[in-house]
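Participant: Here you go, one structure.
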Amino acid sequence: MATSSISRAAKNPINFSTRKVDSQKKSIFSKRLSFSNSSISLQKLSLVKGSHFTRKLQKTPIFNVLETFESKSELLSRTRDPYNVVKTERPTILVSEKLGEAGLDLLRTFGNVECSYNLSPDELCAKISLCDALIVRSGTKVTRQVFEAAKGRLKVVGRAGVGIDNVDLQAATEFGCLVVNAPTANTIAAAEHGIALLASMARNVAQADASMKAGKWQRNKYVGVSLVGKTLAIMGFGKVGSEVARRAKGLGMHVIAHDPYAPADRARAIGVELVSFDQAISTADFISLHMPLTPTTNKVFNDETFSKMKKGVRIINVARGGVIDEDALVRALENGTVAQAALDVFTQEPPTKDSKLVQHENVTVTPHLGASTKEAQEGVAIEIAEAVVGALRGELSATAVNAPMVPPEVLSELAPYVTLAEKLGRLAVQLVAGGSGIQSVKVVYKSARDPDNLDTRLLRAMITKGIIEPISDSHINLVNADFTAKQKGLRISEERVLVDSSSENPIDSIQVQVSNVESKFASALTENGNISIEGRVKYEIPHLTCVGSFGVDVSLDGNLILCRQVDQPGMIGRVGNILGERNVNVSFMSVGRTAKRTKAIMAIGVDEEPDKDTLQKIGKVPAVEEFVFLEL
Ligand SMILES: NC(=O)c1ccc[n+]([C@@H]2O[C@H](COP(=O)([O-])OP(=O)(O)OC[C@H]3O[C@@H](n4cnc5c(N)ncnc54)[C@H](O)[C@@H]3O)[C@@H](O)[C@H]2O)c1
Ligand SMILES: O=C(O)[C@H](O)COP(=O)(O)O
């Protein structure tokens, strides 16, 4: 739980002299902290509970530790709500297909859960505006109409499984609705089902079973083919594909694979050769499909590709029906190109009763059972419940499908930078003079890490969110920030600069530059006329470290007054007194300057928004040349 305390420093900031702050800093933190000579900082901090740094700071009177958090993710979720979903009342979660009990139990601890199976499209649309989240499997079509009918309330769609071809992702993104899936829990089940179909097809198990049940004993009719030594082509060498490959090798098969995006070393590690599409389909005795259904893979197995296959090939499909042109498959079965097929998935589910494909004697079928084991269904239910609850809590999702998704370990490392990125975006846009219109933003990441080892998609999206949110009246979140930016004609480019510092931290600093605009605060402009602000993460806390050409050092929390003045004694006291008289609580203050006794920038953190009078009074202090109030 968060705890709060307000220190003397925040109540009466001007009681701290520069000398005292500096000397304490030096004696206590000389080894771990380095501050610029030109800045004085009284810090208000949000820290992770129990960390070495937090314990040290809490014992130190000059620092104002306002809140402590149980974990980095709690700190992140308290600071931000990246999908704009968090609400005070219990959310309503609609589950439209059967989900394992463990997952339902988990959902019930967090929200009101309604299980309504077999809803018609109209019934789903009628219910959806009362729901914050929807959980589906492959049987529910989450169309644009569903998002329209939700009237902005639906915040998360959870797909309890892998394939998201039944969710209109474009519509979800436009409506700012996060889509998450459960990508790992049914992998083994699907691979085992693939192997079950492969073996039973090769030995005519289903046909022989039906024949015996019809009272026959047809030993000659159901002579099968052996698997050992045969070539199996895996089309789509992802999670399921590679598990099928592993098992097929155990059966003594020669396994090749086609996947334009699969890393060669993963294939090599399993002893599988990655080959071209044509090579795979023309040399295989068995072809097993494991690619997703996308516009590129739609009906990729068609008359033309069947004609390139070895005569008598056998096909297994536990991926998606739509990757096969089913009429073409019937033709290939009739003309003997394809000897047999074993299918778990169909273009239309369930297929029509008179489907030629389903009825074909050389075809073995199962009703989309790939993920249907007790173990997989419990796993999927828990995986999706955790993902949906996490998203509804405002945590960044590691299984987001239509928002930047990064693995949990990267997420944990990037967490404070995510907050920094959004705050820099918010600050930058507020520095733009009204009416000048932002069209071009450049983000510069300084890092000691190899660019290939630095995933900035999440940071870019959060900067975009930070920029768009204050200038848009629509609901902006991590999901639709990029889409909305494009609609507004805003271009965001990125540059990575390799710096010679510790690569222990993913990023040294983030700089946001806005070009071709006027600024409300001329000191934020650099020589080339761009607004430029820069920030860093110090001990997990986002800091503003540069405004225009001025170095400052303030934690990004609460609101901020930036003030440029002639660098002379007494300025901190004068401005601090004006704020104190109006009962505006100062939480931190930092002064930065380019050279002694020339111009300086004062960055003052305030808990309350000063009224117009107070700000005008600050503006009238003779040495103050300009100032701006910014909401963080
Ligand atoms: N029948 C079932 O019940 C069941 C269960 C689980 C998964 N699935 C389906 O199986 C498929 C694979 O699932 P997964 O968990 O392995 O997903 P995955 O994302 O781990 O693997 C998919 C692989 O396909 C590759 N791919 C993409 N486009 C391709 C193309 N044009 N040609 C060749 N390869 C391509 C990707 O690079 C990726 O490696 C999905 O369609 C999923 O919906 C079905
Ligand atoms: O993509 C998947 O995860 C599988 O096709 C499973 O679908 P299901 O949840 O409808 O069984």
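Participant: Tell me the Kirkwood hydrodynamic radius of the range 510-632 in angstroms, computed as one over the mean inverse distance between distinct C-alpha pairs.
Facilitator: The answer is 14.7 Å.
Participant: May I pose another question? If you plug each phi of the range 389-397 into the Karplus form 6.51 cos²θ - 1.76 cosθ + 1.60 with θ = phi - 60°, what whole-Hz ³J(HN,Hα) values come out, in order, with x for Gly and Pro?
Facilitator: Along the range 389-397, the couplings run 4, x, 5, 5, 6, x, 7, 5, 9 Hz.
Participant: Assuming 1.567 mPa s and 4 °C, estimate D for the range 328-481 with Stokes-Einstein, Rh taken as the Kirkwood radius over Cα pairs, in µm²/s.
Facilitator: Here the translational diffusion coefficient equals 64 µm²/s.
Participant: Specify the longest stretch of the chain that does not include any exposed loop site, a site being one of the GluC sites (Glu not before Pro) with a non-H, G, I, E, B DSSP assignment and at most 11 other Cβ atoms within 10 Å.
Facilitator: Result for the longest clean stretch: 90-360.
Participant: Cα centroid distance between the range 306-361 and the range 177-216, in Å?
Facilitator: If you average the Cα positions of each part, the centres end up 15 Å apart.
Participant: Looking only at the range 169-209, which residues have a backbone nitrogen under 11 Å from a spot 7 Å from the Cα of Asn112 in the C-beta direction?
Facilitator: none
Participant: Also: Sticking with the crude label model, points 7 Å out along Cα→Cβ, report the distance from Asp122 to Trp217 in nm, one decimal please.
Facilitator: With each label placed 7 Å out from Cα toward Cβ, I get 5.7 nm.
Participant: Looking at the square roots a ≥ b ≥ c of the eigenvalues of the Cα gyration tensor of the range 124-280, which shape do they give, rounded for a/c under 1.5, prolate if a/b is larger than b/c, or oblate?
Facilitator: Taking the square roots of the gyration eigenvalues as a ≥ b ≥ c, the range 124-280 is oblate.
Participant: If you fit an axis through the alpha-carbon atoms of helix 187-202 and take the longest principal axis of the Cα set of the chain, what angle between them do you get, 0 to 90°, nearest 10?
Facilitator: Taking Cα atoms only, the helix is inclined about 10 degrees.
Participant: Also: I want to check the label-to-label distance for Lys374 and Ala269. Put each point 7 Å from Cα in the C-beta direction and report it in nm to one decimal.
Facilitator: 3.2 nm
Participant: Okay, next question. Which of Lys308/Lys374; Lys213/Lys374; Lys310/Lys356; Lys249/Lys311; Lys249/Lys310; Lys239/Lys311 have a Cα-Cα distance over 32 Å?
Facilitator: In this structure, Lys308/Lys374 lie more than 32 Å apart at Cα.
Participant: On C-alpha positions alone, give me the angle between the axis of helix 408-430 and the longest principal axis of the chain, in degrees, nearest 10.
Facilitator: 50 degrees
Participant: Would any residue of the range 474-513 have its amide N under 17 Å from a label point 7 Å out along Cα→Cβ of Asn528? List them or say none.
Facilitator: Under 17 Å, as judged by backbone N against the label point of Asn528, lie 491-498, 510-513 of the range 474-513.
Participant: Once phi is turned into θ = phi - 60°, what whole-Hz ³J(HN,Hα) does the Karplus curve with 6.51, -1.76 and 1.60 give for every residue of the range 138-149, x standing for Gly and Pro?
Facilitator: 3J(HN,Hα) across the range 138-149, in whole Hz: 7, x, 9, 8, 9, 8, 4, 4, 5, 5, 5, 5.
Participant: Show the residues, 5+ positions off or on another chain, whose built amide H is closer than 5 Å to the amide H of Met253.
Facilitator: HN-HN under 5 Å from Met253: Gly229.
Participant: First check a/c for the range 210-270, with a ≥ b ≥ c the square roots of the eigenvalues of its C-alpha gyration tensor; if it is under 1.5, answer rounded, and if not, answer prolate when a/b is larger than b/c or oblate otherwise.
Facilitator: It comes out prolate by the Cα gyration axes.
Participant: Between the range 389-420 and the range 434-500, what is the separation of their alpha carbon centroids in Å?
Facilitator: Cα centroid to Cα centroid, the span is 16 Å.
Participant: On a 21 Å Cα-Cα criterion, which of the cross-link pairs Lys520/Lys612; Lys423/Lys538; Lys98/Lys151 come out too long?
Facilitator: In this structure, Lys98/Lys151 lie more than 21 Å apart at Cα.
Participant: Please report, in debye to the nearest 20, how large the charge dipole of the chain is about its Cα centre when each Lys and Arg carries +1 at its beta carbon and each Asp and Glu carries -1 there.
Facilitator: The calculated dipole for the chain is roughly 1480 debye.
Participant: Give the shape of the range 425-566 as rounded, prolate or oblate, defined through the alpha-carbon gyration tensor: a ≥ b ≥ c are the square roots of its eigenvalues, a/c under 1.5 means rounded, and otherwise the shape is prolate if a/b is larger than b/c and oblate if not.
Facilitator: Oblate.
Participant: Then there's this: Can you list the residues, at least 5 places off or on another chain, whose amide H is less than 5 Å from the amide H of Ser587, using H built in the peptide plane?
Facilitator: Those lying under 5 Å, H to H, from Ser587 are Gly605, Val606, Asp607.
Participant: Now for a separate question. Mind listing the long-range amide H neighbours of Thr364? Cut-off is under 5 Å, sequence gap 5 or more, other chains count too, H placed in the peptide plane at 1.01 Å from N.
Facilitator: Ala341, Ala342, Leu343
Participant: Let me ask something additional. Got a sec? Charge dipole of the chain, +1 on Cβ for Lys and Arg, -1 for Asp and Glu; which of Ala150, Ser587, Val180 is way out at the positive end?
Facilitator: With unit charges placed on the Cβ atoms, the residue in question is Ser587.
Participant: So, in Å, what gap is there between the alpha-carbon centers of the range 249-268 and the range 561-632?
Facilitator: What the calculation gives is 64 Å, centre to centre.
Participant: If you wrap the chain's Cα atoms in a convex hull and average its projection over all directions, what's the area in nm²?
Facilitator: 32.7 nm²
Bear in mind that the values in this text are calculations on the coordinates, not laboratory data. Because the structure is predicted, anything quoted here is derived from the model rather than measured. In this analysis, Cβ positions are derived from the backbone assuming ideal geometry, glycine residues included, and neighbour counts consider all displayed protein chains.
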